[in-house]
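Data first, discussion second: the structure below is written as structure tokens.
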Amino acid sequence: MELLKLTALDAEDLTVISAHLQDAVLRAADLTYLAAEHRFALVLRRFDWAAPEGGPARRRLAGLHFERVLGVRTRGIAPGQDPEAVLSLLAVTFDPAEPPSGAVTLVFSGGAAIRLDVECIEVQMKDLGPVWEAEGRPAHDALPGPAA
């Protein structure tokens, strides 16, 4: 099994990482902001959307880190909260400011979010090896579209 390793240096690259991380789960204890190093890192259990069709659904352990982070703000995730609280990642987005800076937002289910103010996009995602059979396939309600 080949380990996935992706780097994002622009918003388009970040959408690829976001797609691979959709429905990843992590514990609150798996989030770390290293302010002195301008780095935000996390370990997550990503759903392997690239798994072969017809085979069992599976998850993989992966690491994700953001460089050049100037500040971090959270919504729905409090410092000191239960470190075992489970978060489900829905998307990673980028809102540009004065180029190349902006804000990367990790959007979680239940309205929680982490906003990283960054000098520029510099992100790396890497599978860390372990893979296991998932209990099921993530399912989402259809998003409301424009009225026909």
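Modelled this way, with points 7 Å down the Cα-to-C-beta line, the labels at Leu128 and Val72 are 1.5 nm from one another.
Charge tally for Arg75 (other residues, Cβ to Cβ under 15 Å; Lys, Arg +1; Asp, Glu -1): 0. Compactness of segment 5-109 is given as radius of gyration and Dmax, 14.4, 46 Å, from Cα positions.
Taking all protein chains as present, what is the carbon and sulfur share of the accessible area of the chain, in % to the nearest whole number, probe 1.4 Å? Reported share for carbon and sulfur atoms: 56 percent. A convex hull fitted around the alpha carbon atoms of segment 20-76 yields 95 Å³ per residue. Our note on the geometry: Cα centres of segment 89-124 and segment 55-81, 11 Å apart.
Residues in the chain average 57 Å² of solvent-accessible surface per residue, probe 1.4 Å, ligands and nucleic acids excluded. Relative to the longest principal axis of the Cα atoms of the chain, the long axis of helix 11-21 makes an angle of roughly 40 degrees.
Residue ranking by accessible heavy-atom surface, 1.4 Å probe, largest first, among Arg59, Arg75, Arg46, Arg27 comes out as Arg75, Arg27, Arg59, Arg46.
Each 10 Å bin from zero up to the one holding the largest Cα-Cα distance in segment 48-124 carries the following percent of pairs: 16, 39, 31, 13, 1.
The values are calculated or read from the model by the stated rules, or taken from the named source; none is laboratory data. This is a predicted model, so every value here is computed, not measured. Quick reminder, even Gly has a Cβ in these numbers, built from the backbone with ideal geometry, and neighbours come from all protein chains shown. To get the accessible areas, we keep the full protein, side chains included, count just its heavy atoms, and leave off ligands, DNA and RNA. Shrake-Rupley method; radii C 1.70, N 1.55, O 1.52, S 1.80 Å.
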